[in-house]
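Please read the structure below before turning to the comments.
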Amino acid sequence: MRKSKIIQILKDNFGRIPKLEYKPGDMDGIKKYYEHRLNHDKDEFLIDDLTWNDLNMDDVYKRMNLGLSTSGEHYLYYTLRSPAINAETYRERQNLIDVVEEDEGLRRDLSVILYKLGRERVANICEVFKSNTSAPSKLALYLFLVLGLLTCLIAFSYTKMAIPPLIFFAIVNPLIRECMRKDIYKDVVTVNYAAAMVLAAYKISKINHSKLKEIIKPMIETVHKLKAIIRVGDVSITSGNDVLEILSSWLMVDLITYEYLKKKLAKNHDDIFLIHEYLGKVDTAIAVASFRRSVEDYSVPSIDFSSNTKSYLKAKGLRHPLVKDCVPNDLIMINSILVTGSNASGKSTYIKTVGINLLLSQSICTAIADDYTGTPLRLYSSMAIKDDLEAGESYYIAEIKSLKRIVEASKDHRNILCIIDEILRGTNTIERIAASSEVLKTLAKRSVLCLAATHDLELCQLLSQYYRQVHFQEEILAGEMLFDYKLREGPTTSRNAIKLLSIMGFEDAIIQQADNRAKVYMEEGKWQ
């Protein structure tokens, strides 16, 4: 594709909501780099699967992924799951975002290189990071067969005795090539992509931009050690020309190139890892710049990394990045907060909005808010609990395991924000209130910032000493229940479950009896 055409595509897509397609299994492949880091590195903190899924972060990821390159897709996903806990990491991310956001010409040049590198989700790049992926014996075999064929060709001009071995090599070489090509086809995609990454890194290293060069200095120093890979290029499985295809089958060019590149990649696996990482960083910075342009409004967070600062979060006009026409709400969180309100009033969306904005602020230095300040926090959630039928676990067992991991984390760390939705909903009322109050009280006493949403108004009284209380409310007009989704101070004073039965058309007798029973319980604390 011509460069002018690529530039026009990139220009049309920048600052727009991405419209990439994701096939089944694509997200599993995109996740592999994160899993590699999780299993091999000692990152200071990574978002666990429960929290990621509670916040629907796959959808948030798709909302900002431009998909220029596989490296970019991998690293953006990893970045969102690794909120910066220290100033150095945060500053590095912010600097790169600033560079590509401010210089349109640089961003265009980088985007063209990454676009040409392309997105190859079949490629298992993490396999290249292993040191045991070369097969020197196969390379030796292929070289022996090719040298044997060439030797017989030369000998044929001197003696006819070379005909039998020449026929042997002319038959065996194509057979072995065809057999081996089937085995390596999928792996060739990975090897080719790894070689293409080295070439892309080399091209980026040639861009004359002082600020960029300083940021990607480790990649520039590394790529010059891999010029042999650049010279070889990639493995071509088919030539598209019958004569060349016959020559390739005899000379086994693709198999030899494949084994040579694989050997080089295996020997330099740490260097390939670093190149993948830095290409991903550049691509991620471009995606963030595009995401910022695509949202109605955003702010650059102010994160206080001072070690002696007490944990806090403050934000004005917080909005959910996936909710159209989202009603903005503020947050002042110096201590834990209990969010109450009737069904569908906005409690769950609000606490998710807080959690997502914390991740965006600490990972991509961007808040969907008018203003965002706070300390770096480790995020945990307990929200969308499901039964685990394979493990034979009930909803309640799964729920208490989810809460236990938060309580355990609070023993070692104080810089934690946990968001909890309808705590211990999987058990009876009396035990739920008793256990919930103690769990939430324990978290607050440990100076953890806890943002908990609940229908249980009994918790308001039991936790009034430990939790600031806010609520959402509704209004009934002309038989309809209307919500303004605005956060208000204090605990809620209304319940709407029975009202919703009436609005949905249940019989008046059912509504009246339910209302009477609720009033008796509220007054006397017992059922009749």
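FYI, it's all coordinate maths here, none of it is from the lab. Everything quoted here is computed from the prediction, not taken from an experiment. Quick reminder, even Gly has a Cβ in these numbers, built from the backbone with ideal geometry, and neighbours come from all protein chains shown.
Tell me the Kirkwood radius of region 302-495: reciprocal of the mean inverse pair distance over distinct alpha-carbon atoms, in Å.
Hydrodynamic radius (Kirkwood, Cα only) of region 302-495 equals 17.3 Å.
Which whole-number percent is the relative contact order of the chain (Cα, under 8 Å, 6+ apart)?
For the chain, the relative contact order is 17 percent.
When the chain is fully extended, how far beyond the present Cα-Cα distance does residue 22 get from residue 270, taking 0.36 nm per residue of separation?
The residue 22-residue 270 span can extend by a further 86.3 nm.
Cα extents of region 3-294 along the three principal axes, largest first, in whole Å?
Each principal axis gives a Cα extent; for region 3-294 these are 74, 42, 34 Å.
Please report how many Lys pairs in region 1-119 have alpha carbons closer than 26 angstrom, counting only residues at least 8 apart along the chain or sitting on separate chains.
Going through region 1-119 pair by pair, I get 25.
Ordered by residue, what ³J(HN,Hα) values in Hz, to whole numbers, does region 219-233 give under the Karplus form 6.51 cos²θ - 1.76 cosθ + 1.60, where θ = phi - 60° and Gly and Pro are x?
Each residue of region 219-233 in turn: 5, 4, 5, 6, 5, 5, 7, 10, 5, 4, 5, 5, 5, 6, x Hz.
Mind giving me the FRET efficiency for residue 425 and residue 44? R0 is 30 Å, r the Cβ-Cβ distance, nearest 0.05 is fine.
My answer for the efficiency is 0.35.
Hey, can you rank 414-420, 305-311 by average C-beta count inside 10 Å, highest first?
Highest to lowest by the protection proxy: 414-420, 305-311.
Between residue 98 and residue 227, what is the label-point separation in nm under the 7 Å Cα-to-beta-carbon projection?
Using points 7 Å along Cα→Cβ, the separation is 3.5 nm.
Less than 12 Å Cβ to Cβ from residue 465, Lys/Arg counted +1 and Asp/Glu -1: what total charge do the surrounding residues give?
Overall, the nearby charge balance is +3.
Using alpha carbons only, how many degrees (0 to 90, rounded to 10) separate the axis of helix 104-117 from the longest principal axis of the chain?
Helix 104-117 sits roughly 60 degrees off the main axis of the chain.
Compute the Rg/Rh shape ratio of region 259-361: radius of gyration over Kirkwood radius, all on alpha-carbon atoms. Working shown, then result.
Details: Rg = 20.4 Å, Rh = 17.5 Å.
Using Cα coordinates only, the ratio equals 1.17.
Take residue 157 and residue 91, extend 7 Å from each Cα along the Cα→Cβ direction, and tell me the distance between the two endpoints in nm.
6.7 nm
What FRET efficiency do you get for residue 53 and residue 489 if R0 is 25 Å and r is their Cβ-Cβ distance, rounded to the nearest 0.05?
So the FRET efficiency works out to roughly 0.20.
What's the angle, to the nearest 10 degrees (0 to 90), between helix 242-251's Cα axis and the longest principal axis of the chain?
80 degrees
Arranged by the count of other C-beta atoms within 10 angstrom, fewest first, what order do 152, 450, 365 take?
By the 10 Å Cβ count, ascending: 152, 365, 450.
Pop the C-beta distance of residue 475 and residue 438 into the FRET formula with R0 = 41 Å and round what comes out to the nearest 0.05. Don't skip to the answer; put the middle values down first.
On the way: r = 35 Å, r/R0 = 0.85.
The value I calculate is 0.70.
Which angle from 0 to 90°, rounded to the nearest 10, does the C-alpha axis of helix 253-267 make with the longest principal axis of the chain?
50 degrees
Suppose we flag GluC sites (Glu not before Pro) only when DSSP calls them loop and at most 11 other Cβ atoms lie within 10 Å. Which is the longest uninterrupted stretch of the chain?
On the way: sites that count: 21, 296, 390, 507.
No qualifying site falls inside 22-295, the longest such stretch.
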